[in-house]
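The values are calculated or read from the model by the stated rules, or taken from the named source; none is laboratory data. As the structure is a prediction and not an experimental result, all values here were calculated from the model. Here the Cβ positions follow ideal geometry from the backbone for every residue, glycine too, while neighbour counts run over all protein chains shown. Ligands, DNA and RNA are stripped out before the accessible areas are found, and what is left, the full protein with its side chains, is counted by its heavy atoms. Shrake-Rupley method; radii C 1.70, N 1.55, O 1.52, S 1.80 Å.
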Amino acid sequence: MREINVHDKSGSLEDLTRMIEINLSGPIRMVKQFLPHLKTKSKAAIVNVSSGLAFVPCPSHRYCATKSGLQFVTESLRVQLNNTKVKVFELAPPATQTELLGDFDFEDMKRRFFMKVEDMVKVAVKGMQTDRFEIRPGQANQLKNDESLGGLIYFETNEPIGDRMFRTQD
């Protein structure tokens, strides 16, 4: 998850598409590789990890777009595997207390709520145990349930980030 400013002339095409390769193409390739094996099992599951940000377009991140794409890929996969023994789960965590947060500006992160990893994992495991195929802990569920409201709230609270990110660098 990196901020990308299209005005920055120093970035390469590979750098700009790296997130797509990791967050979207990576899971697609994993499913392609392991699905034949999973289909031979009496019980199997695929768990794709998207993000609560899949439901909120953020102008400074392609991350949101890749996670949204993964959400749709997962939904399609679930339909295609409906008559098999392979279950398809999507875990869309909210902002979670991980090392990822260390890459962001402290000012951008204040006034945010971050779920503890342990709490998110408990919700995820319980969701899989009860066959809840779309698992959205905490604030991720709020964003999904009212995407337009979530987007408005997200943009209002992130306006300084957008202002900083979209200054042209001519």
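Scanning the range 1-46 for residues that are touching a residue at least 24 places away in the same chain (Cβ under 8 Å), open to solvent by less than 40 Å² (accessible area, probe 1.4 Å) and among the polar types (S, T, N, Q) returns N5, N23. Each residue in the range 51-61 was checked for being crowded, with 19+ Cβ neighbours inside 10 Å and part of a loop (DSSP other than H, G, I, E, B), and 3 of them qualify.
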